[in-house]
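Report on the structure given below.
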Amino acid sequence: MVAIASSAPDSLFEELWRLQQQVDELFGTWASPSGGIRSLPRGSFPAVNIGHTPERVDVFLFAPGIDPKTLDISIQENLLTVTGRRDIPAHEQATYYRQERFSGEFRRVIALPEDIDPDRVQARYQDGIVQISVERREAARPRQIEIH
Amino acid sequence: MATHSEVTSRPSAAGALERRGGPAEAPVRPPVDIYEDDEGITLCADMPGVSKDRLELRVEANTLILEGTARLDLPENAEALYADVRSNTYRRTFALSGELETGKIDANLKDGVLTVRIPKRSEVRPRRIEVRAG
């Protein structure tokens, strides 16, 4: 894992926000988010953010309170599939005022850029976020061409 | 107040948003479960990406305030491809009532789930009232 400067997450969120604004402006709010054919309505569990560099693609699943052992992560070609479950125990003797948190099984299918290398994937779980880092193929990376 | 200073010391982020004339990046309202039993009220909030040092929980004038900042582990040159979550801050507030012991609130953060336990004052815990046969 790369050590991260503290400004990086902010600039990503900023960038994501701008991108979403552009999509919203182009298609109207009915088309958001991003209009991906496999994207789910806003508010689905787990929420997903994706960032990329020329070297790799990072997928973040906002999945707090899960047992990482219940996760099943697979990649076929450039299609990433994540399934899992979150069990929230019900307290039968208690009176509930709000139950907004997702409970049960989930599945998300995410189309990644075409140039990812499905054999070089790393996943980890920290602070309730599943981070899946996929390397891109060398040939697809931009190369500096020297002028002699 | 670590979360506060972190949020306000981002001139670049704030500036970029102002330039576009868009609304300020609104904090995420974390989904919660709230339930009550004889001993008190328990609140569970989903705040993924928040670690203990980026969480702030406080009571101000009988209002419980939850705040946190999420951090994603990314290279500096990363750009966005897709985003369900557009803000890296969480905030939600709850009005507390007088029978709760705000001085004895217990909180625990694990895997992005904050659990807050607010006990009731012992004198207001329910007592079983015997009904005498007349």
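The values are calculated or read from the model by the stated rules, or taken from the named source; none is laboratory data. Note that this is a predicted model, so its numbers are computed, not measured. Methodologically, a virtual Cβ is constructed for each residue, glycine included, from the backbone with ideal geometry; neighbour enumeration extends over all protein chains shown.
Descriptive notes on the structure:
- Residue A:43 vs. criteria closer than 20 Å to residue B:30 by Cα, part of a loop (DSSP other than H, G, I, E, B) and modelled with pLDDT of 90 or more: no
- Among the residues examined, residue B:54 does not qualify as among the charged types (D, E, K, R), in contact with a Pro (Cβ under 8 Å, 6 or more places away or on another chain) and farther than 30 Å from residue B:121 by Cβ.
- Enumeration of residues in region A:45-60 that are of a type in the set (Gly, Ala, Ser) and without any contact (Cβ under 8 Å) to a residue 24 or more places away in the chain: A:47
- Residue B:67 satisfies every condition listed in (1) free of Cβ contacts under 8 Å to residues at least 40 places away in the same chain; (2) more than 7 Å from chain A (Cβ to nearest Cβ) except (1).
- Among the numbered conditions (1) surrounded by 15 or more Cβ atoms within 10 Å (Cβ to Cβ); (2) modelled with pLDDT of 95 or more, the only one that residue A:112 does not meet is (2).
- Considering residues of region B:98-134 that are within 14 Å of another protein chain (Cβ to nearest Cβ) and among the aliphatic types (A, V, I, L, M) only, the residue surrounded by the fewest Cβ atoms within 10 Å (Cβ to Cβ): B:100
- Leading residue by the ranking (nearest to the chain's Cα centre (by Cα)) among those in region B:35-64 that are under 24 Å from residue A:89 (Cα atoms) and free of Cβ contacts under 8 Å to residues at least 12 places away in the same chain: B:35
- Some residue of region B:66-84 being under 15 Å from the mean Cα position of the chain (by Cα) and at pLDDT below 90: no
- Residue count for region B:37-64, restricted to those that are buried (at least 18 other Cβ atoms within 10 Å of the Cβ), facing chain A (nearest Cβ under 7 Å) and not aliphatic (A, V, I, L, M): 4
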